[in-house]
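Trainee: Below is one structure. I have some questions about it.
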Amino acid sequence: LAAGLSVDRALLLGDLRWWSSFAGSRTSCAALISPDPLPWVVIYTDATGRGSIGGVLCEEPSSWFSDHAGSISSQLATRKTQVNAFEVFAVLVGLSVWGPRLTGRRVLIFVDNTVALGCLRKAVSSAADLEALVHGAWALMDRLRVAARFQWVPSKLNLGDSPSRGKGAALGTQLVVP
């Protein structure tokens, strides 16, 4: 090496293997959008087992939506509970509704359903219908150039809970979902 430095080849290879393993085990996808990124935008989404969905955008001017996922119910596989799919659909609707405000931004999305959270973080699901929703969310984030991070939030602290139950949100104005 330059300047007379020597390197222990075995140590170097061990370090490279560790970094390769570490990088391969990461489940979150994020990209730096610009050298001086804008502050994080925070979104909370939620769904009920009956298909009601809601979300809150926590950036001034804040807003929220409340809707029903009935339009996708017939496209979902039959299973004991559809809440996992509805939770992912709530994220997809939130990205659609607030898309213009999210373009080119870093977005922190809080979800209280661990199955939906895992699917969104990994961008995959073993269930084809759920994976289609997840891929729809990731495709939309790609089009919007959104760098998203998905985080779990306890249900009691999820600001999207009230709108998902048709009760409105504690902050912001209601948006009509097209």
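The values are calculated or read from the model by the stated rules, or taken from the named source; none is laboratory data. This one's a predicted model, so the numbers in the text were calculated from it and none came from an experiment. Reconstructed Cβ throughout: ideal geometry from the backbone, glycine too, with neighbour counts over all protein chains shown. Side chains are part of the model used for accessible areas, which takes the heavy atoms of the whole protein and leaves out ligands, DNA and RNA. Shrake-Rupley method; radii C 1.70, N 1.55, O 1.52, S 1.80 Å.
Trainee: Run the accessible area of the chain with a 1.4 Å probe and give the carbon-and-sulfur part as a rounded percent.
Mentor: Here carbon and sulfur together make up 58 percent of the probe-accessible area.
Trainee: Still on this structure: Protein chains only, probe 1.4 Å: how do Lys122, Lys156, Lys167 rank by accessible area, largest first?
Mentor: Ranked list, largest accessible area first: Lys156, Lys167, Lys122.
Trainee: Just to check, using Stokes-Einstein with a Kirkwood Rh over alpha carbon pairs, what's the diffusion coefficient of the chain at 37 °C and 0.692 mPa s in µm²/s?
Mentor: This corresponds to a translational diffusion coefficient of 187 µm²/s.
Trainee: Apply the Karplus curve 6.51 cos²θ - 1.76 cosθ + 1.60, θ = phi - 60°, to the phi angles in the range 153-162 and return the couplings in whole Hz, x for Gly and Pro.
Mentor: Values, residue by residue: 9, x, 3, 5, 9, 7, 5, x, 5, 4 Hz.
Trainee: When only C-alpha pairs under 8 Å and at least 6 residues apart count, what is the relative contact order of the chain, in percent?
Mentor: In percent, rounded to a whole number, it is 31.
Trainee: Can you compute the helix-only [θ] at 222 nm over the chain? Use -39500 (n - 2.57) per DSSP H run of at least 4 residues, normalise by all residues, nearest 500 deg cm²/dmol.
Mentor: Taken over the chain, the calculation gives -11500 deg cm²/dmol.
Trainee: How much net charge surrounds Ile109 when only the other residues with a Cβ under 12 Å from the Cβ of Ile109 are counted, with Lys and Arg +1 and Asp and Glu -1?
Mentor: Net charge around Ile109: +1.
Trainee: Under a Cβ-Cβ cut-off of 13 Å, what is the net charge of the residues other than Leu157 that fall near it, where Lys and Arg count +1 and Asp and Glu count -1?
Mentor: Local net charge: -2.
Trainee: Keeping all protein chains in place, calculate the accessible area per residue for the range 43-171 (probe 1.4 angstrom), answer in Å².
Mentor: Solvent-accessible surface per residue comes out at 45 Å².
Trainee: Per the Kirkwood formula on distinct C-alpha pairs, the Rh of the range 36-119 is how many angstrom?
Mentor: One decimal place: 13.3 Å for the Kirkwood radius.
Trainee: Would you list which lysines come within 26 Å of Lys122, measuring only between C-alpha atoms, while excluding same-chain residues fewer than 8 positions from it?
Mentor: Lys122 reaches Lys80, Lys156.
Trainee: So what is the orientation-averaged projected area of the range 110-174, using the convex hull of its C-alpha atoms, in nm²?
Mentor: 5.4 nm²
Trainee: Short version: ³J(HN,Hα) in whole Hz for each residue of the range 63-75, in order, from phi by Karplus 6.51 cos²θ - 1.76 cosθ + 1.60 (θ = phi - 60°), x for Gly and Pro, what are they?
Mentor: My calculation for the range 63-75 gives 8, 8, 9, 9, 8, 10, 8, x, 5, 9, 3, 6, 8 Hz in order.
Trainee: Same structure again: Sorting Asp46, Asp67 by accessible area (1.4 Å probe), largest first, what list results?
Mentor: Putting Asp46, Asp67 in descending order of accessible area: Asp67, Asp46.
Trainee: Restricting to bridges with both residues inside the chain, how much of the DSSP beta-bridge set is antiparallel, in percent to the nearest 5?
Mentor: Rounded to the nearest five, the antiparallel share is 45 percent.
Trainee: Same structure again: Take the range 72-129, drop everything but the C-alpha atoms, weight them equally and run the Debye formula without solvent; then report log10 I(q)/I(0) at 0.25, 0.28 Å⁻¹ to two decimals.
Mentor: Rounded to two decimals, the profile gives -1.13, -1.28.
Trainee: While we're here: Span-like helices, the chain: DSSP H, alpha-carbon axial extent 15 Å or more, mean Kyte-Doolittle -0.5 or greater, which ones?
Mentor: 9-24, 83-97, 128-144
Trainee: Here is a follow-up. If you plug each phi of the range 168-177 into the Karplus form 6.51 cos²θ - 1.76 cosθ + 1.60 with θ = phi - 60°, what whole-Hz ³J(HN,Hα) values come out, in order, with x for Gly and Pro?
Mentor: Here the 3J(HN,Hα) series is x, 10, 6, 9, x, 10, 6, 9, 8, 7 Hz.
Trainee: Taking the range 58-137, which chymotrypsin sites (Phe, Trp or Tyr not before Pro) meet the DSSP loop condition and have no more than 15 other C-beta atoms within 10 Å?
Mentor: none
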